[in-house]
Amino acid sequence: MLQITNTLSRKKEKFEPLNAPFVGMYVCGPTVYGDAHMGHARAAVTFDIVFRYLKYLGYKVRYVRNITDVGHLVNDSDSGEDKIAKKAKLENLEPMEVAQLYTNRYHNDMDKLNVLRPSIEPRASGHISEQIEYIQAILDNHYAYISNGSVYFDVKKYHEKYHYGTLSGRVIEDMMHGSRDLEGQDQKRNPLDFALWKKAAPEHIMRWNSPWSEGFPGWHIECSVMSNKYLGKYFDIHGGGMDLVFPHHESELAQAQACQDSHFAKYWLHNNMVTINGQKMGKSLNNFITLDELFEGSHELMEDAYSPMTLRFYILQAHYRGTLDVSNAALKAAKIAYRKLLNANILLSKLEHDNVETLDVELNTQVENLLQSLDEAMNDDFNTGIAISHLFALANLINSFHNKIKNINSINEQTFDVLKTKYDLFFSEILGLKEELVVNVNPALEALISLYKQAKVAKEYDKVDEVRKSMKAMGLVIKDTKFDVEWAYEV
């Protein structure tokens with residue numbers, strides 16, 4: 001039975017969809033004005049796992065992940081320069097060219113990480129009319145006001161009936177006392193009020209007509225609107241990074257309740273932040289590492305290039321709600337660990353059961369329990385780290401079977417069949433790990449192994465060494481066993 005930690009209630013709850021077997025899930029996607037970084041990767045992989053596992057459990061999931069192509073203001077408040085428009089000026093492009101360019105790059109990076117595409121990927125710019133209608137409904141319900149052509153959400157008025165701070169646990173009086181004076185605050189009734197619609201300054205490039213002014217929507221409104229359109233007023237899961245809890249998700253929740261006087265999302269899931277060598281990632285610290293820089297090893301903090309599957313595996317080793325600290329040592333260890341599990345999966349695909357009854361009840365029970373523990377780990381709030389530890393225990397047994405240390409026939413045929421199916425299913429389909437170098441049908445590899453065998457027989461050890469060097473350059477090792485010559489991924 002799946003249990004998930006709900007940010008809204010701050011506790012672990014039994015997962016009960018509103019309309020099983022259908023599940024609606026909305027996750028805040030990227031703002032496309034720059035290359036994807038490790039924070040983007042963690043959020044994408046986290047909710048890719050949720051998507052994959054819910055489907056494994058038999059649910060029909062509609063996964064909606066938005067693209068913010070309207071752009072945020074520089075300080076994510078109510079004034080300043082639009083980030084996409086700023087990038088467009090720097091690169092001499094149209095804003096939508098910038099948005100498309102970085103959307104394409106984001107998709108490319110997510111494909112490398114083997115992140116499944118969502119069921120629907122709406123863009124903020126394609127839903128301007130719906131956002132205007134939604135804002136008008138909030139105005140009609142008297143939870144917003146017009147000021148100099150802009151529309152602001154009235155947080156104090158909303159708080160009188162509902163509670164602003166439900167999701168983040170913040171106290172409105174403390175927030176009002178500690179709020180900063182920002183440009184444009186003089187248009188607001190209260191410093192906590194946030195923009196639903198902003199009147200565009202003359203120099204602002206991205207602008208649309210509305211009943212209030214020619215302008216653009218605020219940051220928070222797009223997600224309330226698009227989740228409502230594609231999942232309904234009340235849906236199952238809303239996700240995103242923990243940095244979005246306040247103010248973005250708090251404001252989304254307030255907007256939805258102010259518009260429709262009802263619940264919004266039943267479960268709120270948030271992945272934690274990424275740090276680099278113990279420090280928060282940021283450009284001022286020179287530790288802001290894009291995925292391309294990580295994959296190519298081109299950032300000065302990177303001692304090596306790390307593959308997409310190494311990063312995906314590293315992300316999955318930690319529980320999604322814990323902080324993920326990235327370092328060279330940790331990534332190198334993840335590369336080795338990932339390849340150990342991959343090698344075991346390749347060996348398992350070659351193992352065969354002889355249908356001979358030499359049952360070892362204790363060993364058979366051990367394998368059965370480990371296989372069951374995979375589900376138990378994932379049912380415990382998608383605990384991929386614990387699931388991976390069970391895969392390692394199974395990998396050790398697989399190696400023992402392969403090396404004839406343990407007899408494969410000492411587990412019964414049914415257990416063997418489940419092992420063969422479930423190990424690969426968890427490794428490939430649920431955790432989304434894959435073989436990055438497809439070598440099974442590579443003629444060059446077959447030729448190298450043949451050359452190695454011939455050189456060994458002829459005692460031409462210089463050729464043996466050359467083959468080993470060639471294999472190492474491919475990230476592979478060649479092994480002599482009692483029974484044959486084998487290859488494996490280098491660990």
List pairs: first in segment 415-426 and in contact (Cβ under 8 Å) with a residue 24 or more places away in the chain and within 15 Å of LEU342 (Cβ to Cβ), second surrounded by fewer than 18 Cβ atoms within 10 Å (Cβ to Cβ) and polar (S, T, N, Q), Cβ under 8 Å, 6+ apart or cross-chain?
ASP424/SER349
Among all residue pairs at least 6 apart or on different chains, which show Cβ distances below 8 Å where the first residue, located in segment 278-307, is touching a residue at least 40 places away in the same chain (Cβ under 8 Å) and the second is assigned to a loop (DSSP other than H, G, I, E, B) and surrounded by fewer than 12 Cβ atoms within 10 Å (Cβ to Cβ)?
PHE288/GLY282
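Of the residues LEU359, LEU285, LEU348, LEU363, only one is at pLDDT below 95 and over 28 Å from GLY241 (Cα atoms); which? Break it down into steps so the answer makes sense when it comes.
Details: LEU285 fails: over 28 Å from GLY241 (Cα atoms); LEU348 fails: at pLDDT below 95; LEU363 fails: at pLDDT below 95.
Just a single option satisfies the conditions, and that option is LEU359.
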MET471 is checked against (1) assigned by TED's automatic domain parsing to the domain that holds TYR320; (2) in contact with a helix residue (DSSP H, G or I) (Cβ under 7 Å, 6 or more places away or on another chain); (3) without any contact (Cβ under 8 Å) to a residue 60 or more places away in the chain and fails just one. What number does that condition carry?
(1)
Does segment 201-221 contain at least one residue that is part of a loop (DSSP other than H, G, I, E, B), farther than 16 Å from ASN148 by Cα, touching a helix residue (DSSP H, G or I) at 6+ places or on another chain (Cβ under 9 Å) and aliphatic (A, V, I, L, M)?
yes
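For residues that are assigned to a loop (DSSP other than H, G, I, E, B) and surrounded by 15 or more Cβ atoms within 10 Å (Cβ to Cβ), tally how many sit in segment 122-144.
The qualifying residues number 3.
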For segment 325-336, what are the residues that are charged (D, E, K, R) and within 16 Å of ILE388 (Cα to Cα)?
LYS335
Between ASP243, ASP236, which is surrounded by fewer than 23 Cβ atoms within 10 Å (Cβ to Cβ), charged (D, E, K, R) and either assigned by TED's automatic domain parsing to the domain that holds GLN131 or closer than 26 Å to ASN108 by Cβ (or both)?
ASP243
Given the residues PRO118, PRO95, which is the only one that is over 30 Å from LEU431 (Cα atoms) and not polar (S, T, N, Q)?
PRO95
Taking segment 109-138 only, how many residues are touching a strand residue (DSSP E or B) at 6+ places or on another chain (Cβ under 7 Å) and among the hydrophobic types (A, V, I, L, M, F, W, C)?
5
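Collect the residues in segment 260-280 that are more than 30 Å from LYS233 (Cβ to Cβ), over 17 Å from the mean Cα position of the chain (by Cα) and assigned to a loop (DSSP other than H, G, I, E, B), keeping them in residue-number order. Please lay out each step first, then the result.
As a first pass, look at segment 260-280 and keep what is more than 30 Å from LYS233 (Cβ to Cβ): 273-280.
Now restrict to residues that are over 17 Å from the mean Cα position of the chain (by Cα): 276-280.
If the condition is that a residue be more than 30 Å from LYS233 (Cβ to Cβ), over 17 Å from the mean Cα position of the chain (by Cα) and assigned to a loop (DSSP other than H, G, I, E, B), then ASN277, GLY278 are the ones that fit.
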Could you check, for segment 35-45, whether at least one of its residues is over 13 Å from the mean Cα position of the chain (by Cα) and either over 27 Å from ILE237 (Cβ atoms) or not assigned by TED's automatic domain parsing to the domain that holds TYR267 (or both)?
yes
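If you scan segment 320-336, which residues turn out to be surrounded by fewer than 19 Cβ atoms within 10 Å (Cβ to Cβ) and either among the polar types (S, T, N, Q) or touching a residue at least 60 places away in the same chain (Cβ under 8 Å) (or both)? Lay out the reasoning, then the answer.
Quick first cut of segment 320-336, residues surrounded by fewer than 19 Cβ atoms within 10 Å (Cβ to Cβ) only: 321-323, 325, 327-330, 332-333, 336.
Listed by number, the residues that qualify are ARG321, THR323, SER327, ASN328, ILE336.
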Taking segment 337-369 only, how many residues are closer than 14 Å to LEU391 by Cα and surrounded by fewer than 14 Cβ atoms within 10 Å (Cβ to Cβ)?
1
Over segment 274-315, the set of residues hydrophobic (A, V, I, L, M, F, W, C), closer than 29 Å to GLU429 by Cβ and surrounded by fewer than 19 Cβ atoms within 10 Å (Cβ to Cβ) is PHE295, ALA305
Considering only segment 34-70, how many residues are of a type in the set (Ser, Thr, Tyr), crowded, with 23+ Cβ neighbours inside 10 Å and either touching a residue at least 60 places away in the same chain (Cβ under 8 Å) or more than 29 Å from PRO95 (Cβ to Cβ) (or both)?
1
Within segment 422-453, restricting to residues that are over 30 Å from ARG42 (Cβ atoms) and among the small types (Gly, Ala, Ser), the one that is modelled with the lowest pLDDT is ALA444
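Criterion first (under 26 Å from LYS11 (Cα atoms), in contact with a Leu (Cβ under 9 Å, 6 or more places away or on another chain), assigned to a helix (DSSP H, G or I) and among the small types (Gly, Ala, Ser)) does SER251 satisfy it? Break it down into steps so the answer makes sense when it comes.
Values: under 26 Å from LYS11 (Cα atoms): yes; in contact with a Leu (Cβ under 9 Å, 6 or more places away or on another chain): no; assigned to a helix (DSSP H, G or I): yes; among the small types (Gly, Ala, Ser): yes.
Here the answer is no, as SER251 does not meet what is asked.
The values are calculated or read from the model by the stated rules, or taken from the named source; none is laboratory data. Keep in mind that this is a model prediction, so the values were computed, not measured. Virtual Cβ from ideal backbone geometry, glycine too; neighbours counted across all protein chains shown.
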